[in-house]
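Read the figures in this text as sums done on the coordinates, not as results from a lab. Since the structure is predicted, the reported quantities are computational estimates derived from the model, not experimental observations. Cβ placement follows ideal geometry from the backbone for every residue including glycine, while neighbour counts extend to all protein chains displayed.
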Amino acid sequence: MDSKQLKEAIIDYSKSIGIDKIGFATADVFTELKERLRRQQALGYQSGFEKGTIEERTEPARLLPEAQSIIAIAIAYPSRMKDAPRGTKAERRGIFCRASWGVDYHVVLRDRLDKLAAFIEEKVPGAITKSMVDTGELSDRAVAERAGIGFSGKNCAIITPEFGSYVYLGEMITNLYFPPDSPVEDSCGDCRKCLDACPTGALVQGGQLNAQRCLSFISQTKDFMRDEFRLELGNRLYGCDTCQQVCPRNKQIDFHIHEEFEPVAEAAKPKLKPILSISNREFKEKFGHMSGSWRGKKPIQRNAMIALAHFKDQTAVDELIRVMNEDPRPVMRGTAAWSLGKIGTPEAFAAIESAMEAEKDDQVLYEMEKGLQFRDNARAN
């Protein structure tokens, strides 16, 4: 079996194991990406979640010395939730981004890549493969673009002709040679809807993202959130879909191909107040299957409090007072105090003033002062 025949056999097999799209690329150095990453690093635009050095992220041979080709895969996920629960004034809800709705995609894509690797090794004994999904050194998007999976849009997502940008990406480096596929033509044109819609201006320009301003990254941090981002977070608990939602290439795109990615509605769009008192065990039971749980409950709880403030949910005041007075974590106490001030009931302001007398942490006290500032501003106006 020559390389072309093997490639066709792999393509056929990939369809049988639930891979929606597959492409083949050379394992050459990603020279343009290397320069772009250096610029991003110099500008301070990286998230800090990136794995490996710039060289490891752009030179496949550093990860697999025998590298000849890279196989890229894409699997589609839904953009709409069937029978989505609706929030009410008494029970407000938050939202996880679509990429986190079902079973953790890392688990699913690794399974597909493992099966693909076993198939290749059966066909070519001695074949060497190295797979990765998202958390590996290589840039999934750069590989997918080179392999013809889709083009890299102005929103920095890979946009496929078939599934829009609602796809998970993974790749496999191998010592086997395959005829490479051709890249897909960029068709963003003059459109700039994603740039204009980004809540925080994280999309600096088409194809350039300042991750430090991206709500998707910010929602995963564990420290106090900057005030300007709190005002834009809305009811997001994890991630942000805005730049995908406004993309014309995603209009009417909604694929429910894989059962694993169907959301558990009460987990993907949960009630906010119960999150504030959720135990570690309960958090794992409810959210542990989702990729959005990887940072633990702390960011989700912080974001839930900010969401309650966004809704000015007066029914949450008692629970927020409890968090402010009893939670051992400064970020939780401080965010609760700020949220109480944003909600702005007399009871909330009185509770902040009372809590300040016992509070010792300077950052928490600062947040309490900011909470009371909402009252002072209202009086001044």
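Some points to look at:
- Checked against the criterion of being more than 29 Å from residue 41 (Cβ to Cβ) and in contact with a Ser or Thr (Cβ under 9 Å, 6 or more places away or on another chain), the candidates 217, 178 yield just one match: 178.
- Candidates are the residues of the stretch 78-108 that are of a type in the set (D, E, K, R) and assigned to a loop (DSSP other than H, G, I, E, B); the one that is surrounded by the most Cβ atoms within 10 Å (Cβ to Cβ) is 92.
- Within the stretch 234-253, residues that are assigned to a loop (DSSP other than H, G, I, E, B) have Cβ atoms under 9 Å from residues that are surrounded by fewer than 20 Cβ atoms within 10 Å (Cβ to Cβ) and among the basic types (Lys, Arg) in these pairs: 246/193; 247/193, counting only partners at least 6 apart in sequence or on another chain.
- Entry remark, the stretch 206-228: residues being loosely packed, with under 15 Cβ neighbours inside 10 Å, out of contact with any Lys or Arg (no Cβ under 8 Å at 6 or more places or on another chain), in contact (Cβ under 8 Å) with a residue 24 or more places away in the chain and not acidic (Asp, Glu) number 0 in total.
- Flag for residue 340 being closer than 24 Å to residue 232 by Cβ, buried (at least 20 other Cβ atoms within 10 Å of the Cβ), of a type outside the set (Phe, Trp, Tyr) and more than 26 Å from the chain's Cα centre (by Cα): yes
- Enumeration of residues in the stretch 109-130 that are under 14 Å from residue 173 (Cα atoms) and either surrounded by 17 or more Cβ atoms within 10 Å (Cβ to Cβ) or in contact (Cβ under 8 Å) with a residue 12 or more places away in the chain (or both): 110, 113, 114, 116, 117, 120, 127, 128, 129, 130
- Single residue of the stretch 42-77 satisfying the filter (touching a helix residue (DSSP H, G or I) at 6+ places or on another chain (Cβ under 7 Å) and in a helix (DSSP H, G or I)) that is nearest to residue 6 (Cα to Cα): 63
- Qualifying residue in the stretch 283-300 (condition: without any contact (Cβ under 8 Å) to a residue 12 or more places away in the chain, surrounded by fewer than 19 Cβ atoms within 10 Å (Cβ to Cβ) and farther than 27 Å from residue 232 by Cα): yes
- Residue count for the stretch 193-205, restricted to those that are out of contact with any Asp or Glu (no Cβ under 8 Å at 6 or more places or on another chain), surrounded by fewer than 20 Cβ atoms within 10 Å (Cβ to Cβ) and either among the small types (Gly, Ala, Ser) or within 23 Å of residue 47 (Cβ to Cβ) (or both): 6
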